[in-house]
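A.B. asks: Below you'll find the structure I mean.
Just so it is clear, none of the values below were taken in a lab; they were calculated from the coordinates. Here the structure is a predicted model, which is why all the values come from computation and not from measurement. When we count neighbours, we look across all protein chains shown, and the Cβ atoms used for this are built from the backbone with ideal geometry, even at glycine.
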Amino acid sequence: MAMTLITTNTSSGAATSDFTSSIDSTYKLYIFKFYDVNPATNDQAFSFQGNASSQSGYNETITSTSFRAYNYESGGTPLLTYQATQDQGQGTGFQTIQEGVGSASDESIAGELFLFNPSNTTYVKHFYATSNSTHTTAFTMQSYIAGYFNVTAAITNIQFKFSSGNMDGVIKMYGVG
């Protein structure tokens with residue numbers, strides 16, 4: 001299967017990175033890759049939410065789960081933990097991909113979000129994300145998120161943002177098929 005670059009969003013001091021076109025029935029899998037996305041404000045959560053066809057507000061119902069692995073720069077014992085605070089059980093908020101992303105020049109987040117069959121109008125829309133960031137308290141963190149949009153309407157828009165403030169960075173959307 002070939003990956004086709006559809007669009008690139010380059011943010012500089014932007015509040016959100018929105019993908020509002022080209023999520024359609026052309027591909028069964030869409031991959032969003034984010035590179036060195038850095039918040040303007042320290043200690044922020046990077047998140048996403050979808051918008052169903054003919055809807056507004058980025059408030060689709062999500063069920064998800066989350067866990068992470070991390071290790072401090074100073075060493076110590078690495079940890080793998082379940083993140084109950086980042087789960088959603090039929091929630092309509094933005095889904096956290098990574099929390100505590102630092103704003104210093106050596107702190108950012110990189111990763112990818114996979115969205116499966118967003119144009120299908122029979123079934124829910126599954127997703128998973130994996131990312132790595134430099135946390136504001138000097139450790140590297142790898143996060144894993146999985147879940148689904150509990151809607152049968154097509155998901156046609158995806159928005160990324162930090163919990164507060166603006167961001168710099170690049171997010172690319174690919175179609176796979």
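A.B. asks: If you put +1 on each Lys and Arg Cβ and -1 on each Asp and Glu Cβ, how big is the dipole of segment 23-97 around its Cα centre, in Debye rounded to 20?
C.D. replies: Values: 3 positive and 6 negative charges, 36 e Å.
It comes to approximately 180 debye.
A.B. asks: Here's something else I'd like to know. From largest to smallest, what semi-axes in whole angstrom does the chain give when each is the square root of 5 times an eigenvalue of its alpha carbon gyration tensor?
C.D. replies: Semi-axes from the Cα gyration tensor: 27, 18, 15 Å.
A.B. asks: What is the diffusion coefficient of segment 1-84 in µm²/s, taking the Kirkwood radius over Cα pairs and the Stokes-Einstein relation at 25 °C with a viscosity of 0.890 mPa s?
C.D. replies: Estimated via Stokes-Einstein, D reaches 147 µm²/s.
A.B. asks: Each label point is 7 Å from the Cα along the Cα-to-Cβ direction; what then is the distance between the points at residue 120 and residue 74, in nm?
C.D. replies: 4.8 nm
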